[in-house]
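Quick notes on the structure that follows.
The values are calculated or read from the model by the stated rules, or taken from the named source; none is laboratory data. Given the structure is predicted, the values throughout are model-derived calculations rather than measurements. Glycine also receives a Cβ, built like all others from the backbone with ideal geometry; neighbour counts cover every protein chain displayed. What goes into the accessible areas is simple: the full protein's heavy atoms, side chains included, and nothing from ligands, DNA or RNA. Shrake-Rupley method; radii C 1.70, N 1.55, O 1.52, S 1.80 Å.
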Amino acid sequence: MTEHHSLAEVGKRLPHGVVCLLSALRFHGLTTQAPFEVWVAIGHKARAPLSRTPTLRIVRMTERLLASGVEKHRVEGVEVNVFSAAKTVADCFRFRNKIGLDVAVDSLREYLRHKGKVDDLWRFAEAGRVGRIIRPYLEALA
């Protein structure tokens, strides 16, 4: 078992879901928090899974947002859909009321320190309609 074992379980049980927000931040190494739930994005009309383990935190997105920024990774031999680091940071600002603004700002800081591709981040922020929200933080940290 690896530290991402719960992601492999989610990949098996929910192949159309995408690991997002706090779980994706942890996967990309952009946070030190270890969420006790696996955050998974699914479509608005998709049926929520009834699995008890691992505990899931479901986030609903439009099909357009759900399809953009998805990367496929192998975790314990299972293909798992995970949002890219830039898409995850933009989504943190989009869902800042669920995860907290402090988490969103910290993820932006870590993204700029490690990844540094502002163009990708800006593209996902504009697509998610959070460009004007993220702009002041981006200007302050850049």
Which of the aspartates and glutamates could a cross-linker span from K98 if the Cα-Cα distance has to be under 18 Å and same-chain partners fewer than 8 positions apart are dropped?
-> E37, D106
Heavy-atom accessible area of the chain with neighbours in place, 1.4 angstrom probe: carbon+sulfur share in percent works out to 49
Using θ = phi - 60° and Karplus 6.51 cos²θ - 1.76 cosθ + 1.60, couplings along segment 7-16 (whole Hz; Gly, Pro as x) = 5, 5, 5, 5, x, 6, 7, 9, x, 8
Nonlocal amide H pairs with R57, under 5 Å, H built at 1.01 Å = V38, W39, V40
Please determine, in degrees from 0 to 90 and to the nearest 10, the orientation of helix 85-94 with respect to the longest principal axis defined by the Cα atoms of the chain, where the helix direction is its Cα long axis.
-> 80
Contour excess over end-to-end distance, with Cα ends at H5 and L101 and 0.36 nm allotted per residue = 31.8 nm
Mean ellipticity per residue at 222 nm, deg cm²/dmol - from DSSP H runs of n ≥ 4 across the chain, formula -39500 (n - 2.57) = -14000 deg cm²/dmol
Cα-based helix-to-principal-axis angle, 101-114 vs the chain, degrees rounded to 10 = 80
Tell me, what HN-Hα J-couplings in whole Hz come from the Karplus equation 6.51 cos²θ - 1.76 cosθ + 1.60 at θ = phi - 60° for each residue of segment 126-142, using x for Gly and Pro?
-> 5, 5, x, 6, 10, x, 6, 7, 7, 3, x, 5, 5, 5, 5, 8, 7
Accessible area (Å², per residue) of the chain, counting only protein heavy atoms and a probe of 1.4 Å | 56
Starting from the Cα of R129, step 7 Å along the direction of its Cβ; do the same at T55; then give the gap between the two resulting points in nm.
-> 3.1
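Give me the Kirkwood hydrodynamic radius of the chain in Å, from all C-alpha pairs, to one decimal place?
After inverting the mean inverse Cα-Cα distance, the result is 15.1 Å.
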Quickly work out the D119-to-H44 label distance, labels modelled 7 Å from Cα along the C-beta direction, and quote it in nm with one decimal.
-> 3.2
Provide the packing ranking of 36-45, 56-65, 78-87, i.e. peptides ordered by the mean count of other C-beta atoms within 10 Å per residue, highest first.
-> 78-87, 36-45, 56-65
Give me the distance between the Cα centres of segment 98-142 and segment 12-72, rounded to whole Å.
-> 19
